[in-house]
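K.L.:
Here it is, the structure in full.
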Amino acid sequence: MSGHNRFQGCGLNGQAELALEYYSALRADNTIQADACTYTCVLVACGSVMAIKLGREIHQLAKHKGLLKNNPVLGSSLVSFYGKCGDVDSAQEAFDECRARDNTGLWNSLIQAYTLQGRSIEALERFYSMTQEEGCKADDVSFVSVLNACSHGGLVGKGRQLLDEMPKQYGVKPRLEHYVCLIDMLGRANLLDEAVRVLRAMPFEPDAVVWRSLLGACRKWKNYTIGKLAFERLVEMDPKSGTPYALMANIFGNLGMLSERAAVVERMRGEGSFREPGRSWWTDVSSGKVHSFSVGDRSHSQSDEIAAKLKQLLLRMKEEGYASDVINVLKDIPEEEKEDHLCGHSEKLALGCALVNSHQKETIRIVKNLRVCDDCHAATALISKLEKRLIICKDASRVHVFQDGRCSCDNYF
């Protein structure tokens, strides 16, 4: 297989780090034929690890070659790249440079860019611009994006309305993923009883995604009754998955129901369940190098410097009133080690690496493969204030923009 084919294969199959390494090598050797397909693959990889500098370079190259004018696939990839990097203004500018305004995929990328950052009203405005002003037909992906926008913005009434209008006004038949959006929306708004009614009445068999969304909402609102219902269904579906146990244990722990929490943890260990390991990435803007971290990772060449930086920050954070969320550490370790375990979360390690290696005015962008935990969310917000840094973190759910001790999600995540 040629280097070019290896690069494209990695770029489109979730191996962003490897894809960017191949691309850099091919570019250095002048052996890559750069066309719209090449740039699309690079942008997909750049969005996956928030490699903002390289993605901007690709934007300029594509623009210089006139490739954006009539290539909605490349245009969509560019808009999506900026959205995943938390740069919605650049996503809008890239969209405006594309002429294929009748392309649904291009509009979907723009709506999703606003949705990811929780700019829900603007996402809805783009949706109505697409369907009413431009006359572009919405599809099922359009509604997943706009319903997620309603969910992240707490716009429950609008979300209900859109789901009802889908088949009647837009000719799009709701699918399971649209009901997942509605149940997630109701859960985030603490309308858990209604969420259960929708789950039971919808014309689809609830899958693990539906039940996990409901359980996640129960964790947020500390509702152990409905949480137990969702938990048991998830365990019945897959007793080896560790996520339901962790969420249920967190609910009991946050309610002070420690014996119930202990029982869930013991049950989890008895089943031999496991969770997908957390991984986080930070891309050095100056060098383009992608730094990757897993939980408790000590393989990085600067591990000692990163650990020292995080310990220093922890002391300053405690002076500001921060307390580590040790109650939700499920690992079987002594209590005095749980704080250190939280410091070893992958997103904290990536953040520590970024703080050690970047200059004061540089925006820090971090990607995590899972949902950011409550402790890391609170810690990152406080670090943004203490270090006077703009920190953008994309997790499995959305883009969080931390500045001056606050997050753009207002803790609605």
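The values are calculated or read from the model by the stated rules, or taken from the named source; none is laboratory data. Remember, it's a predicted structure, so these values are computed and weren't measured experimentally. A quick note on method: Cβ atoms are made from the backbone with ideal geometry, for glycine too, and the neighbour counts reach across all protein chains shown. The area values use the complete protein model at the heavy-atom level, side chains included, leaving out ligands, DNA and RNA. Shrake-Rupley method; radii C 1.70, N 1.55, O 1.52, S 1.80 Å.
K.L.:
Against the conditions (1) closer than 18 Å to residue 397 by Cβ; (2) open to solvent by 30 Å² or more (accessible area, probe 1.4 Å); (3) in contact with a Leu (Cβ under 7 Å, 6 or more places away or on another chain), where does residue 67 fall short? Just the number, please.
P.N.:
(1)
K.L.:
Kindly check whether there is at least one residue in the stretch 217-237 that is under 19 Å from residue 176 (Cβ atoms), touching a strand residue (DSSP E or B) at 6+ places or on another chain (Cβ under 8 Å) and either touching a residue at least 24 places away in the same chain (Cβ under 8 Å) or surrounded by fewer than 20 Cβ atoms within 10 Å (Cβ to Cβ) (or both).
P.N.:
Yes, there is a match, as at least one residue in the stretch 217-237 is under 19 Å from residue 176 (Cβ atoms), touching a strand residue (DSSP E or B) at 6+ places or on another chain (Cβ under 8 Å) and either touching a residue at least 24 places away in the same chain (Cβ under 8 Å) or surrounded by fewer than 20 Cβ atoms within 10 Å (Cβ to Cβ) (or both).
K.L.:
Moving on to the next point. Out of all the residues in the stretch 12-31, which are farther than 18 Å from residue 280 by Cα, at pLDDT 70 or above and not acidic (Asp, Glu)?
P.N.:
Passing the criteria: 22, 23, 24, 25, 26, 27, 28, 30.
K.L.:
For the stretch 349-380, enumerate the residues that are in contact with a strand residue (DSSP E or B) (Cβ under 7 Å, 6 or more places away or on another chain) and open to solvent by 10 Å² or more (accessible area, probe 1.4 Å).
P.N.:
Within the stretch 349-380, 349, 358, 363, 365, 368, 369, 380 qualify.
K.L.:
Moving to a separate point now. Restricting attention to the stretch 266-290, which residues are within 21 Å of residue 253 (Cβ to Cβ), at pLDDT 90 or above and open to solvent by less than 30 Å² (accessible area, probe 1.4 Å)?
P.N.:
268, 278
K.L.:
Could you tell me whether residue 262 is open to solvent by 30 Å² or more (accessible area, probe 1.4 Å), farther than 25 Å from residue 147 by Cα, over 20 Å from the mean Cα position of the chain (by Cα) and without any contact (Cβ under 8 Å) to a residue 24 or more places away in the chain?
P.N.:
On the way: open to solvent by 30 Å² or more (accessible area, probe 1.4 Å): yes; farther than 25 Å from residue 147 by Cα: yes; over 20 Å from the mean Cα position of the chain (by Cα): yes; without any contact (Cβ under 8 Å) to a residue 24 or more places away in the chain: yes.
Taking the combined requirement at face value, the residue satisfies it.
K.L.:
Kindly indicate whether residue 151 is in contact with a Lys or Arg (Cβ under 9 Å, 6 or more places away or on another chain) and either farther than 30 Å from residue 191 by Cβ or modelled with pLDDT under 95 (or both). Spell out how you get there, then give the answer.
P.N.:
On the way: in contact with a Lys or Arg (Cβ under 9 Å, 6 or more places away or on another chain): yes; either farther than 30 Å from residue 191 by Cβ or modelled with pLDDT under 95 (or both): no.
Spelling it out, it is not the case that residue 151 is in contact with a Lys or Arg (Cβ under 9 Å, 6 or more places away or on another chain) and either farther than 30 Å from residue 191 by Cβ or modelled with pLDDT under 95 (or both).
K.L.:
Mind telling me which of the residues 51, 45 ends up being of a type in the set (A, V, I, L, M), in contact with a helix residue (DSSP H, G or I) (Cβ under 8 Å, 6 or more places away or on another chain) and either modelled with pLDDT of 95 or more or open to solvent by 10 Å² or more (accessible area, probe 1.4 Å) (or both)?
P.N.:
On the way: 45 fails: either modelled with pLDDT of 95 or more or open to solvent by 10 Å² or more (accessible area, probe 1.4 Å) (or both).
Exactly one of 51, 45 is of a type in the set (A, V, I, L, M), in contact with a helix residue (DSSP H, G or I) (Cβ under 8 Å, 6 or more places away or on another chain) and either modelled with pLDDT of 95 or more or open to solvent by 10 Å² or more (accessible area, probe 1.4 Å) (or both), namely 51.
K.L.:
So, in the stretch 108-135, of the ones that are of a type outside the set (Gly, Ala, Ser) and open to solvent by less than 10 Å² (accessible area, probe 1.4 Å), which residue ends up farthest from residue 411 (Cα to Cα)?
P.N.:
Looking only at the stretch 108-135, we keep the residues that are of a type outside the set (Gly, Ala, Ser), and these are 108, 110-112, 114-117, 119, 121-122, 124-128, 130-134.
Next cut, open to solvent by less than 10 Å² (accessible area, probe 1.4 Å) only: 110-111, 114-115, 127, 130.
Working: 110: 24, 111: 22, 114: 18, 115: 16, 127: 25, 130: 30 Å.
Once the filter is applied, the top-ranked residue is 130.
K.L.:
Which of the residues spanning the stretch 166-176 are touching a residue at least 24 places away in the same chain (Cβ under 8 Å) and buried (at least 18 other Cβ atoms within 10 Å of the Cβ)?
P.N.:
172, 174
K.L.:
Evaluate the stretch 180-187: report whether one residue or more is open to solvent by 50 Å² or more (accessible area, probe 1.4 Å), assigned to a helix (DSSP H, G or I) and closer than 30 Å to residue 273 by Cα. Walk me through how you get there before you give the answer.
P.N.:
First, pick out the residues of the stretch 180-187 that are open to solvent by 50 Å² or more (accessible area, probe 1.4 Å): none.
Looking through the stretch 180-187, none of the residues is open to solvent by 50 Å² or more (accessible area, probe 1.4 Å), assigned to a helix (DSSP H, G or I) and closer than 30 Å to residue 273 by Cα.
K.L.:
Could you tell me whether the stretch 108-126 includes any residue that is at positive phi and not hydroxyl-bearing (Ser, Thr, Tyr)? Let's see the steps before the verdict.
P.N.:
Initial filter on the stretch 108-126 (at positive phi): 118.
Imposing the further condition that a residue be not hydroxyl-bearing (Ser, Thr, Tyr) reduces the set to 118.
Yes - at least one qualifying residue is present in the stretch 108-126.
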